[in-house]
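First the structure, in the form of structure tokens, and then the observations on it.
The values are calculated or read from the model by the stated rules, or taken from the named source; none is laboratory data. Just so you know, these numbers come straight off a predicted model, no measurement behind them. Counting neighbours? That spans all protein chains shown, and the Cβs are built from the backbone with ideal geometry, glycine included. Surface accessibility is based on the protein's heavy atoms, side chains included, excluding ligands, DNA and RNA. Shrake-Rupley method; radii C 1.70, N 1.55, O 1.52, S 1.80 Å.
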Amino acid sequence: MKIAFIGLGIMGKPMALNLVKAGHKLNVFDFNKAAVAELEAAGAKACASAAETVEGVELVITMLPNSPHVKSVMIENDKLAEIMPKTATFIDCSSINPVASREIAAELAKHGIEMLDAPVSGGQPKAVDGTLAFMVGGKQEVFDKYKSVLEAMGSSVVLCGNVGAGNVTKLCNQTIVAVNIAALAEAMQMGQMCGVEPEKIFEAIKGGLAGSTVMNAKAPMMMDQNFVPGFRIDLHIKDLNNVVDAAKAVDAPIPLTQQVLEMMKILHHDGDGSCDHSALLKYYQKLTGEVLHH
Ligand code: NAD
């Protein structure tokens, strides 16, 4: 299939490479020329603008940082909604505000173009392996038509509802992960201050109800004081701000999300925005002066 792919960052570059490996013909664009050159070396066509990528394609895929970037490319600056082929479909894999997804879909609908919002979870290693989990919003028939394209980049592809449902599900994911990490940091810190070794706390409870994928991934990082990302605090702030906006639109109460967002903002202002989100532990360490150890 001939595909336009825009946004070759940490996630987009390996995803685009997997599409090339699966035999698709890609037109690619990013401001980052080195990333474009890497895709060109793998067999994709390097384009000088977003507009150039859409010529003659059946599918347009974006993997951009946030709502303003996707709106800029699709409707405000590059205006791909107006110039992409009317027979093509748009799939946005970025994690953005679901309200923005629906706005972009409405704009595309004016031109008779279908859209799926298909954010992912899994991070860079799974983007490289082609084992991402896709949470998709859109019409069943559009999903059925393009599911195999997403399967070239992921091992789980689930239709969650109409357009926007993919990003709503992603926001649920981001809230659960953030609150989980904060609870883990708070408990480990409190346990050590009460005189129990963190390693023993982890070993004793990881197989029970409190155990989780978050605990298995993040407790060792916390005990090692290893905050190399992973997933950066600043990106998680972006997602939790989108949770706040989405919740506000429907008057949903989100006290836990708000609390963890404030903790992350404090860490950002203290210079920790580029740390892995497991650095929520630093919030407690800075308050108490007690550093978690093995
Ligand atoms: P990134 O910042 O590494 O990549 C974004 C890319 O978009 C950059 O290369 C940038 O140059 C490009 N870009 C920005 N505006 C552009 C424009 N107008 N035209 C062309 N290119 C443009 O970000 P990432 O880590 O790849 O994340 C992409 C999305 O995936 C985000 O929404 C993020 O929240 C989500 N996500 C990231 C991870 C992760 O672990 N990094 C995991 C899951 C989901």
Practice task
Out of all DSSP beta bridges with both ends in the range 2-162, state the antiparallel percent to the nearest 5.
Solution key: 10 percent
Handout entry: Net dipole in debye of the range 160-294 [+1 Lys, Arg Cβ; -1 Asp, Glu Cβ; about Cα centre; nearest 20]
Key = 220 debye
Completion exercise
Of the listed links Lys145/Lys248; Lys147/Lys206; Lys126/Lys206; Lys147/Lys170; Lys126/Lys147; Lys110/Lys139, those spanning more than 26 angstrom between alpha carbons are Lys145/Lys248; Lys147/Lys206
Practice task
Give the carbon-plus-sulfur fraction of the accessible surface of the chain in %, rounded to a whole number; probe 1.4 Å, heavy atoms of protein chains only.
Solution key: 57 percent
Fill in the blank from the handout: Counting only DSSP beta bridges fully inside the chain, the antiparallel percentage to nearest 5 is 15 percent
Practice task
Find how many whole Å separate the alpha carbon centroid of the range 21-52 from the alpha carbon centroid of the range 62-113.
Solution key: 19 Å
Completion exercise
With Cα springs under 10 Å, the Gaussian network model of the chain assigns the largest mean-square fluctuation among Gly112, Gly271, Gly195 to Gly195
Problem - Length added when fully stretched, Asn226-Thr213, from 0.36 nm per residue minus Cα-Cα - result: 2.9 nm
Handout entry: Descending principal axes extents, the range 150-245, alpha-carbon based, whole Å
Key = 50, 28, 25
Exercise for the section: Express the relative contact order of the chain as a whole percentage, based on alpha carbon pairs under 8 Å and six or more residues apart in sequence. Expected result: 14 percent
Handout entry: Inter-label distance for Ser148 and Lys25, nm, one decimal - labels placed 7 Å from Cα along Cα-to-Cβ
Key = 1.7 nm
Fill in the blank from the handout: Summing -39500 (n - 2.57) over every DSSP H run of at least 4 in the chain, dividing by its residue total and rounding to the nearest 500, the 222 nm mean residue ellipticity is -15500 deg cm²/dmol
Practice task
List the aspartates and glutamates whose Cα lies under 12 Å from the Cα of Lys265, skipping any in the same chain that are fewer than 8 positions away.
Solution key: Asp234
Practice task
With a Förster radius of 22 Å, plug the Cβ-Cβ distance of Glu199 and Thr131 into 1/(1 + (r/R0)^6) and report the FRET value to the nearest 0.05.
Solution key: 0.15
Fill in the blank from the handout: In terms of the charge dipole of the chain, which places +1 on Lys and Arg and -1 on Asp and Glu at the beta carbon, the residue among Ala4, Ile201, Gly271 farthest towards the positive end is Ala4
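Taking the Cα centre of the range 2-162 as the origin, how large is its charge dipole in debye, to the nearest 20, when only Lys and Arg (+1) and Asp and Glu (-1) carry charge on their Cβ atoms?
180 debye
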